[in-house]
Amino acid sequence: MAGTVSGETARRIQAALVRIRERSGVSLAYAGELNQDHKIVLNRFDGPVAGPLRTATLEIGYGLGGQVVARRRPVTVDDYFRTTDITHHYDRIIRAEGLRAVSGVPVIVGRRVVAVLYGALRTTGSIDDRGQEVLADEARALEQDLVVPARRGHGERDDAAELRARIRAAHLRLRMVASRIGSPEVRDELDAAVAELVGPVPPPAIPVGRLTGRELDVLGLIAAGRTNPAVAATLGLTTHTVKSYVKSAMRKLGAETRLEAVVLARRTGQLP
């Protein structure tokens, strides 16, 4: 998550830290985001930061934040340096900031811990029930804020995949219809309309040959999961002829298998 969060997500995390500090009275509120290496990167703060806490990278299971992620639940200590509830790998960093009592709460989206919210005191004392409740409330609110765009992203990807599948099915069906039309003029007009479903052909990185209409018909049916005999039956060809079209298409595209030929035909804009 670190380094890849959107500007809106970063603003929401920062706003949560401001509220945590205002509502709980902690000396410092800060957040760590889980990066792609499954480490916690401390990168958002509200309150003065004097030492190496900023941009510190923590291992899961170590220190207070690491225990929060490992246990997937809040962890609070009244004296960071005396407690036996956590490891003390990061005492130097915490001591440099003058922190004593620290509380951390996980932010969980899609069953995965994506961040940890912290509240800390620089004075002797403890983070009381009210302070811990504020942290928990802000973590839950942040989870709700983050889960909506995550679901929206999944929904958009699903919609795009469904649209591609429908375009491919329509393209194949129209090509089959065009192959049965006797009038050359009507067939050419339908072929042009079918070509619009594919869109403009991008220049390939490696020059490839253009496929004939029949080769496209064969590859389109293969892309739909048909076997060579099934393709032959659909197009009124022999299996031997279908194999010849497949080999020709593979040669033009530089493919080693018929499925690779389908991929390359799509990549070069000859199939949708």
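Can you tell me which residue among Leu271, Leu221, Leu211 is at pLDDT 85 or above, of a type in the set (A, V, I, L, M, F, W, C) and not in a helix (DSSP H, G or I)? Explain how you work it out, then say what you get.
Numbers: Leu271 fails: at pLDDT 85 or above; Leu221 fails: not in a helix (DSSP H, G or I).
Of the residues listed, the single one that is at pLDDT 85 or above, of a type in the set (A, V, I, L, M, F, W, C) and not in a helix (DSSP H, G or I) is Leu211.
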Being modelled with pLDDT under 90, among the hydroxyl-bearing types (Ser, Thr, Tyr) and more than 12 Å from Tyr118 (Cβ to Cβ), is that true of even one residue in the stretch 73-92? no
Six or more apart or on different chains, Cβ under 7 Å: which pairs go from a residue in the stretch 42-55 that's among the charged types (D, E, K, R) to one that's in a strand (DSSP E or B)? Could you list them? Arg44/Tyr30; Arg44/Ala31; Asp46/Ala29; Arg54/Leu42; Arg54/Phe45
How many residues of the stretch 231-268 are within 31 Å of the chain's Cα centre (by Cα), crowded, with 18+ Cβ neighbours inside 10 Å and β-branched (Val, Ile, Thr)? The answer is 2
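For the stretch 69-112, give me each residue that is part of a helix (DSSP H, G or I) and either within 35 Å of the chain's Cα centre (by Cα) or surrounded by 18 or more Cβ atoms within 10 Å (Cβ to Cβ) (or both). Give the steps one after another, and end with the answer.
Just the residues of the stretch 69-112 that are part of a helix (DSSP H, G or I), to begin with: 69-71, 91-97.
Matches in the stretch 69-112: Val69, Ala70, Arg71, Asp91, Ile93, Ile94, Glu97.
The values are calculated or read from the model by the stated rules, or taken from the named source; none is laboratory data. Treat the numbers as computed from the prediction; the structure is a model and nothing was measured. So basically every Cβ, Gly included, is an ideal-geometry build from the backbone, and we count neighbours across all protein chains shown.
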